[in-house]
Structures are given as structure tokens and as C-alpha cells.
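Notes for the one structure printed next.
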């Protein structure tokens, strides 16, 4: 059993050495995103981390317009690929619900390319 003082020391060492990551209700690690990127993430994350199936499809389709708006408002980095990925999701929602997961995957991947990009490429309008 770890004594209380030892537990505090271990925790302090973890913070000092590498930091402690926090996770939300989906077990998703919180990142320090710019506000515009975080706004998009706040809509995408609960949809993406939901169990695949009819409810997730319905939720993705219900939020596709909001995702499009938020993606188009990103100014802190180049969101061109993210913005370009969303019309396919919208089209699948309107015509082929069976393919929504594949289109949602593409939006998710475009988001990860955006957050993994090296800083310095800002979308100009």
C-alpha cells in the first residue's frame, strides 16, 4: 500500500516529468486547441466517439451543417481539407445513410490532419 505522502510525491513526479493528461467522458485526451478548432472538435468528438449505428448516423447527419459552419470559421490554421471533407458527409446524409460512417471517418481523418499539421499554415481569406 502506498502511504499518502508517497502518493503525493509520485503524483508530483508525474506532473514534473511528463504532465498528466486528462480525459473526457469518452476517454479522449484533451488537447490545447485554438478556440475555433476546439469549437469544431466539441461537435465532432461526441459523434465520432459514439457507438457506430443508426443513432450515430442520425446524430452525424443532424450536426453536419453545424460542422460545415464551424469548419469554415476556422482561421487559426489551414482548414481547407477539413472544409472539403464535409460536403461528402452531407451528401451521404441526404442520399445514402449506409455510407455515412465512411464519410464521417473521412471528416475525422481530415480533422486529425488539421491538428497534426505543423504550425504556421494559416488559412487566408
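Descriptive notes on the structure:
- Which listed residue, of 89, 104, is under 15 Å from the mean Cα position of the chain (by Cα) and either part of a helix (DSSP H, G or I) or farther than 26 Å from residue 118 by Cβ (or both): 104
- The range 105-125 residues that are under 22 Å from residue 49 (Cβ atoms), paired with ones that are at pLDDT below 95 and part of a helix (DSSP H, G or I) (beta carbon under 9 Å, 6 or more apart): none
- When the range 27-55 is filtered for residues that are assigned to a helix (DSSP H, G or I) and over 17 Å from residue 114 (Cβ atoms), the ones remaining, listed by number, are 46, 54, 55.
- Set 58, 81: member being surrounded by fewer than 20 Cβ atoms within 10 Å (Cβ to Cβ), assigned to a helix (DSSP H, G or I), more than 15 Å from the chain's Cα centre (by Cα) and free of Cβ contacts under 8 Å to residues at least 60 places away in the same chain: 58
- Condition met for residue 117 (under 23 Å from residue 31 (Cβ atoms) and surrounded by 14 or more Cβ atoms within 10 Å (Cβ to Cβ)): no
The values are calculated or read from the model by the stated rules, or taken from the named source; none is laboratory data. These figures come from a predicted structure and were not determined experimentally. Cβ sites come from the backbone with ideal geometry, for glycine too, and all protein chains shown count toward neighbours.
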